[in-house]
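Engineer: Let me give you the structure first, and then I'll get to my questions.
FYI, it's all coordinate maths here, none of it is from the lab. All values reported here derive from a predicted model rather than from experimental measurement. Because the Cβ atoms are built from the backbone with ideal geometry, glycine has one as well, and the counts that use them run over all protein chains shown.
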Amino acid sequence: MPESHKSVRVAVNVMRARLTVIGFNIAIVSFQIAQLGRAADGLRVPGLERTVHVVADMQLYMALGLSVMALLAFILSCEIDDAGVCTHWSLMAGDLLMYLALAHTVAGFFAPLATIIGIVAGELPHKAAEINILKIGAIVTGGAAWFLAKYVGPIISLVRSPFDRRINIILGIAYLLVLLVFSWLTAQTVRVESAVSTDQLGMFFSVLRELVQPLRW
């Protein structure tokens, strides 16, 4: 391993705290996937017992995959010796993947919640004003958590990273590219669920909208 990596020695407890967050995230994602399958407002597909929520299901499964990738990145960052300190830049890659997974988890919870509250408001018109306040509160809370996880957390991690500046810049650029790819995937799922045509101009704006996804909720 290069000497520049060896000079960085991050306590293993720093990595363990992140593994705890990932374990918690995997647990709640698994719970939400099971719950969404029982919800009656999803799509009914012949041959499937569960309902399908294309956007929310995709968000949660992406959160699950990102969590596993973050888990592996954190494990790979540790030295295999009696101290087990983290010396490899994959620690920061794991941080970025963890935050992205958390953002997808938040989207998988709050976007369906906003939809359900909207349905309830339609069924109870005499309580629509009060219910819309609840919807706004849910969107603001979930949106704040989403922005913190998607942007603020990764920025702070890269700024405070103990690794070489060149490595942090490369990780930052890679994170931005991954953001665009996942925004494109989410835009595709929104169009599938809404049965909207995939014209290029509309797709471009759809991808940009997913970079500020809570505004869509």
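Engineer: How big is the dipole moment of the range 121-171 about its Cα centre under a simple scheme where the beta carbon of each Lys and Arg is +1, that of each Asp and Glu is -1, and everything else is neutral? Debye, nearest 20, please.
Structural biologist: Here the size comes out at about 280 debye.
Engineer: Between Val152 and Leu215, how high is the FRET efficiency from 1/(1 + (r/R0)^6) when r is the Cβ-Cβ distance and R₀ = 25 Å? Nearest 0.05.
Structural biologist: The value I calculate is 0.90.
Engineer: To continue, here is another question. Arranged by the count of other C-beta atoms within 10 angstrom, fewest first, what order do Cys86, Cys78 take?
Structural biologist: Cys78, Cys86
Engineer: Here's a follow-up. Working out 0.36 nm times the residue gap between Val120 and Val12, then minus their Cα-Cα distance, what length gain in nm do you get to one decimal?
Structural biologist: 34.1 nm
Engineer: Could you point to the residue in Thr186, Ile119, Leu60 farthest towards the positive end of the chain's charge dipole, with +1 and -1 charges on the Cβ of Lys/Arg and Asp/Glu respectively?
Structural biologist: Positive-end residue among those listed: Ile119.
Engineer: A further question follows. What is the gain in length, in nm to one decimal, between Leu19 and Leu76 on full extension, counting 0.36 nm per residue of separation less the C-alpha to C-alpha distance?
Structural biologist: 19.3 nm
Engineer: Using 7 Å Cα-to-Cβ label points, what is the Ile170/Leu134 separation (nm, one decimal)?
Structural biologist: Result: 5.1 nm between the two label points.
Engineer: On average, how much area does the Cα convex hull of the range 96-217 cover when viewed from any direction, in nm²?
Structural biologist: Convex hull of Cα atoms, orientation-averaged projection: 8.6 nm².
Engineer: Still on this structure, I have one more. To the nearest 20 debye, what charge dipole does the chain have about its Cα centre, counting +1 at the Cβ of each Lys and Arg and -1 at the Cβ of each Asp and Glu?
Structural biologist: 280 debye
Engineer: Let me ask something else. With angles folded into 0 to 90 degrees, how steeply does helix 90-123 sit against the dominant principal axis of the chain? Use alpha carbons for both and round to 10.
Structural biologist: Result, in degrees: 10.
Engineer: Let me ask something else about it. Starting from the alpha-carbon convex hull of the range 3-215, give the projected area averaged over all orientations, in nm².
Structural biologist: Mean projected area for the range 3-215: 14.4 nm², to one decimal.
Engineer: Of Leu19, Ser157, Ile173, whose Cα points farthest to the positive end of the dipole of the range 3-215 (charges on the beta-carbon: +1 Lys, Arg; -1 Asp, Glu; origin at the Cα centre)?
Structural biologist: Toward the positive end, the furthest listed residue is Ser157.
Engineer: Counting pairs of alpha carbon atoms under 8 Å apart in space and at least six apart in sequence, what relative contact order in percent does the chain give?
Structural biologist: Result for the chain is 21 percent.
Engineer: Could you calculate the FRET efficiency of Val181 with Lys127 from 1/(1 + (r/R0)^6), where r is the beta carbon distance between them and R0 is 41 Å, rounded to 0.05?
Structural biologist: After rounding, the FRET efficiency stands at 0.50.
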